[in-house]
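The values are calculated or read from the model by the stated rules, or taken from the named source; none is laboratory data. Only a predicted model underlies this, so the values are computations on that prediction, with no experimental measurement involved. A quick note on method: Cβ atoms are made from the backbone with ideal geometry, for glycine too, and the neighbour counts reach across all protein chains shown. We work out accessible area using only protein heavy atoms, side chains counted, and drop any ligands, DNA or RNA first. Shrake-Rupley method; radii C 1.70, N 1.55, O 1.52, S 1.80 Å.
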Amino acid sequence: MEGLLLDNKGNRIMMRLDSIDQKLIGQLQAEFPLTKIPFATLGLSLGIAEEEIIQRIGQLEAHGLIRQIGPVFNVGSLGYRTTLVAMKVVETQLDRAAHFIKKHPGISHGYERDNAFNLWLTLAVPAVVDMEAEIQKLASAVSAATAFSLPAVRVFKLRAHFVLGRERPSETTTINASNVPRRDNELSPEDRNIINELQQDLPLVPEPFTAMAAKLGMDEEKFVVSCQSLLSRGIMRRFSAAVNHHRAGFKANAMTCWSAPSGKVAAAGKKLASLPEVSHCYERRPNPFWRYNLFAMIHATTKEGCQEIIDKVSTETGLADPVVLLSTRELKKTRVKYPV
């Protein structure tokens, strides 16, 4: 089946994807090979030459479907904490706020959403930094009337996996992750050097790790083995492509929040985590501004598709009256760099 890339408004743009492109996109998200010659390894699995793999990925990046290829780390293992931040910003200040968010190095995601609290972002800070003080600095910088943090209490699922040509995201393994810095997996000086060097968009050359290893004065084979070790030790969650879900056809995404009784949170979270349409699912700590404690990011090709999933989950879990926060504008979506 062939597919067409879409722009952020859902309009077709001029790039037709064949079945190999679609398989390649799926594999880049699932498991990028951490080898000396990863593109040749991908080529073997898809039955095409290394040069063609590199060319196809270059085209996908040029057309905006693939945002970047690189590592995703367990931020707790690197000595960082993250939280979800909600703000209320007057409409006349939103463009100014968007400019600030795009420039902030600790913000990975920023969205305008259809709610009185209309600005939502994810913030990462070193564990030694006062999170609440940092949020108040952000609020002041964007002239927010109200700002509050919704830290994760429990993670039921992390990770989206989008495949073009399907009505739904693919099934993906649920990933449990901690937001608390881990002390049982201390980083060596060599680990730190590799992590700092690895946090870049992967060069599209036959041996993309060569220059990184050389910069650190390391043998390339040792560099790759060390990267594999970071993965096996859980410091790196995965090495993969980040895909623009709008371009993949999943134009509607809704952050959906339920106020779940404590006795129902675990069962409802596991149910949400089992759905391929759900990329992220958390239990978060509520507050006087926001009484909801169960959060799920739901993706579909249409708003109606999102609502169908929300209604189904609400019925099956017995959770009523969810708040549905549809994205009205994506301000930022990138992988934050974590200096260690």
- Item | Spacing of the two label points (7 Å from each Cα toward its C-beta) at Ala266 and Val72, in nm | 2.6 nm
- Query: So what's the angle, to the nearest 10 degrees on a 0 to 90 scale, between helix 262-273 and the longest Cα principal axis of the chain?
  - Reply: 40 degrees
- Message: Let's see if you can work this out: charge +1 on each Lys and Arg Cβ, -1 on each Asp and Glu Cβ, no other charges. What is the dipole magnitude of region 30-85 about its Cα centre, in debye to the nearest 20?
- Response: 300 debye
- Kindly report, to the nearest 10 Å², the accessible surface of Asp219 as traced by a 1.4 Å probe over protein heavy atoms only. 100 Å²
- Query: How much area per residue is accessible in the chain when the probe is 1.4 Å and only protein heavy atoms are counted (Å²)?
  - Reply: 45 Å²
- Accessible surface, 1.4 Å probe, highest first, among residues Val90, Val129: Val90, Val129
- Nearest 10 degrees, 0 to 90: what angle lies between the long axis of helix 94-103 and the longest principal axis of the chain (Cα atoms)? 30 degrees
- Item | Nearest-0.05 FRET efficiency for Glu91 and Asp321, computed from C-beta distance (R0 30 Å) | 0.65
- Relative to the present Cα-Cα distance, how much length would full extension add between Glu31 and Thr210 at 0.36 nm per residue of separation? 62.4 nm
- region 296-314 scanned against label point 7 Å out from Glu330 along Cα→C-beta; backbone N under 16 Å for 297-303
- Answer with one residue from Thr315, His99, Tyr80: the one whose Cα lies farthest towards the positive end of the charge dipole of the chain, charges on Cβ with Lys, Arg +1 and Asp, Glu -1. Thr315
- For the chain, whose charge dipole is built from +1 on Lys and Arg Cβ atoms and -1 on Asp and Glu Cβ atoms, the candidate among Asn287, Leu326, Ser45 with its Cα farthest towards the positive end is Asn287
- Query: Cα atoms only, the chain: Rg and Dmax in Å?
  - Reply: 20.3, 58
- Dipole of the chain, Cα-centred, from +1 at each Lys and Arg C-beta and -1 at each Asp and Glu C-beta, to the nearest 20 debye? 880 debye
- Message: Can you give me the convex hull volume of the Cα atoms of region 181-340, divided per residue and expressed in Å³?
- Response: 169 Å³
- Using a 1.4 Å probe and counting only protein heavy atoms, arrange Thr328, Thr83 so the residue with the most accessible area comes first. Thr328, Thr83
- Task: Once you have the Cα-Cα distance between Gln55 and Glu220, take 0.36 nm times their residue separation minus that, and quote the gain in nm to one decimal.
- Result: 57.0 nm
- Query: What is the chain's relative contact order, in percent, from Cα pairs under 8 angstrom and six or more apart in sequence?
  - Reply: 26 percent
- Can you pull the accessible area of Ser108 for me, 1.4 Å probe, Å² to the nearest 10? 20 Å²
- Message: How big is the dipole moment of region 193-311 about its Cα centre under a simple scheme where the beta carbon of each Lys and Arg is +1, that of each Asp and Glu is -1, and everything else is neutral? Debye, nearest 20, please.
- Response: 600 debye
- Query: How much length is gained on full extension from Asn287 to Leu44, taking 0.36 nm per residue of separation minus their Cα-Cα distance?
  - Reply: 82.3 nm
